[in-house]
Amino acid sequence: MTNFFKTPLDFCVLIPCYNDEPGLLLSLQSIRYDSQRFAVVIVDDGSRTAIDKTVLTRLLPHIDFIEVIRLNQNSGITTALNTGLQWIIENTEAPYIARLDCRDTCATERFHKQVAFLNTHPQVGLLGSWCTFKEESSNISYTYTTPLQHNEIIKAMHLRNVFIHPAVMFRTDLLKQTGFYPQAYPHAEDYAFFWKLLQVADGAVLNENLTACALVRGGISLSNRRAQLQSRKKVVQAFGTSAGLRELGLFKLNILLITPNSLLLRLKTLLRFGIIF
């Protein structure tokens, strides 16, 4: 493989992985972009079997640049993500960083559209898209839709995380102002991180389904749902900019704390709210 330390890149894709190499491969196979214009940075968060970069390179000839960072023990997604961010800023000059999680897949045009938008909208620092969620063991699925413009996004952020983590792309240079993912919000580190980005730049969302996200029973969001909701309350309290919307957001989260997971998923499907709980 060509050394990409000195190669101009449009973006890096950051993917944490823990004991899910089949899911990682599925996600990587979905990535499409111009040859030698992007890199994939994988953080192996102490998986039982180490991810083999040589094998990935052989199986994924359409990806020119792959880096695998191995953590000796499982340290959690926040540490894994921050390790990847640190590596990217130290070893590349990519202006944008995109996120993707194992088992989530990208539309063919995702990265072309996100790069083009950020190139032509310099005030936007955080860009998301609409996406589709599907529960792997059933046919339950729903489409996640959100506001598109910054002012409406800020209002909605008091009530939900507008940006789906594996669907975002953001500007690398903003990390100098915001720092990395905060450790103080377990299972909601992305929600807090996005609020930090929105304090220093505009946000925007593309009204197209550019990412398909897998809902895995027993995954982080479901198995740690109560802790996640408590962390989301802390995020709203810390970052909310409207007193009224902040109180409304906290009320909603308190209701969710007493609502079963199965009921929430069914409501999203049957009512097509497009609201992630």
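Does region 180-196 hold any residues that are surrounded by fewer than 20 Cβ atoms within 10 Å (Cβ to Cβ) and among the aliphatic types (A, V, I, L, M), and which are they?
Ala184
Taking region 43-63, which residues are outside any loop (DSSP other than H, G, I, E, B) and free of Cβ contacts under 8 Å to residues at least 40 places away in the same chain? Can you show your working first?
Step one: of region 43-63, the residues outside any loop (DSSP other than H, G, I, E, B) are 43-45, 53-59.
Residues satisfying the conditions are Asp44, Asp45, Lys53, Thr54, Val55, Leu56, Arg58, Leu59.
Filtering region 121-147 down to residues that are of a type in the set (Gly, Ala, Ser) and surrounded by fewer than 18 Cβ atoms within 10 Å (Cβ to Cβ), which residue is nearest to the chain's Cα centre (by Cα)? Spell out how you get there, then give the answer.
Initial filter on region 121-147 (of a type in the set (Gly, Ala, Ser)): 125, 128-129, 137-138, 141.
Then keep just the ones that are surrounded by fewer than 18 Cβ atoms within 10 Å (Cβ to Cβ); that gives 137-138, 141.
Numbers: Ser137: 22, Ser138: 23, Ser141: 19 Å.
For region 121-147, the residue satisfying everything is Ser141.
Give me the residue from region 253-274 that is out of contact with any Phe, Trp or Tyr (no Cβ under 7 Å at 6 or more places or on another chain) and crowded, with 17+ Cβ neighbours inside 10 Å and, out of that set, modelled with the highest pLDDT.
It comes out as Leu253.
Residues Gln73, Gln114: which one is more than 19 Å from Gln36 (Cβ to Cβ) and modelled with pLDDT of 95 or more?
Gln73
Write out, first by first residue and then by second, each pair whose Cβ atoms fall under 7 Å of each other, whose residues are 6+ apart or on separate chains, and whose first residue, in region 233-254, is touching a residue at least 24 places away in the same chain (Cβ under 8 Å) while the second is charged (D, E, K, R) and assigned to a helix (DSSP H, G or I).
Within 7 Å, the pairs are Val236/Arg246; Gly240/Arg246; Leu245/Lys155; Leu253/Arg232; Leu253/Lys233.
Give region 141-181 a look and list any residue that's among the charged types (D, E, K, R) and more than 20 Å from Phe111 (Cβ to Cβ), or say none.
Restricting attention to region 141-181, the residues satisfying the condition of being among the charged types (D, E, K, R) are 152, 155, 160, 171, 173, 176.
Within region 141-181, Glu152, Lys155, Arg160, Lys176 qualify.
Could you list, in sequence order, all residues of region 103-124 that are of a type in the set (Lys, Arg) and over 27 Å from Asn151 (Cβ atoms)? Lay out the reasoning, then the answer.
Filtering region 103-124 for residues of a type in the set (Lys, Arg) gives 103, 110, 113.
Across region 103-124, the qualifying residue is only Arg103.
Just checking, does region 118-129 include any residue being in contact with a Cys (Cβ under 6 Å, 6 or more places away or on another chain) and either under 16 Å from Gln199 (Cβ atoms) or small (Gly, Ala, Ser) (or both)? So that I can check it myself, show each step before the final result.
Applying the first criterion (in contact with a Cys (Cβ under 6 Å, 6 or more places away or on another chain)) to region 118-129 yields none.
The answer is no; no qualifying residue exists.
Name the single residue, out of those in region 150-176 being of a type outside the set (Val, Ile, Thr), in contact (Cβ under 8 Å) with a residue 60 or more places away in the chain and in contact with a strand residue (DSSP E or B) (Cβ under 8 Å, 6 or more places away or on another chain), that is surrounded by the fewest Cβ atoms within 10 Å (Cβ to Cβ).
Arg171
Taking only pairs six or more apart or across chains, which ones have beta-carbon atoms under 8 Å, a first residue in region 95-123 that is under 26 Å from Asp20 (Cβ atoms), and a second residue that is surrounded by fewer than 13 Cβ atoms within 10 Å (Cβ to Cβ)?
Arg103/Glu136
Taking His112, is it surrounded by fewer than 17 Cβ atoms within 10 Å (Cβ to Cβ), out of contact with any Asp or Glu (no Cβ under 6 Å at 6 or more places or on another chain) and within 22 Å of Leu127 (Cβ to Cβ)?
Values: surrounded by fewer than 17 Cβ atoms within 10 Å (Cβ to Cβ): yes; out of contact with any Asp or Glu (no Cβ under 6 Å at 6 or more places or on another chain): yes; within 22 Å of Leu127 (Cβ to Cβ): yes.
So His112 fits the description; yes.
Return the total of residues in region 177-207 being over 20 Å from Gln228 (Cβ atoms), of a type in the set (S, T, N, Q) and touching a residue at least 24 places away in the same chain (Cβ under 8 Å).
The qualifying residues number 2.
Would region 48-62 turn up any residue that is within 27 Å of Lys113 (Cβ to Cβ), surrounded by 19 or more Cβ atoms within 10 Å (Cβ to Cβ) and not assigned by TED's automatic domain parsing to the domain that holds Arg110?
Checked region 48-62: no residue is within 27 Å of Lys113 (Cβ to Cβ), surrounded by 19 or more Cβ atoms within 10 Å (Cβ to Cβ) and not assigned by TED's automatic domain parsing to the domain that holds Arg110.
If Leu28 meets every condition in (1) within 27 Å of Ala192 (Cβ to Cβ); (2) surrounded by 22 or more Cβ atoms within 10 Å (Cβ to Cβ) apart from one, which number is that one?
(1)
The values are calculated or read from the model by the stated rules, or taken from the named source; none is laboratory data. Computed from a prediction, not measured in an experiment: that's the story for all the values here. Counting neighbours? That spans all protein chains shown, and the Cβs are built from the backbone with ideal geometry, glycine included.
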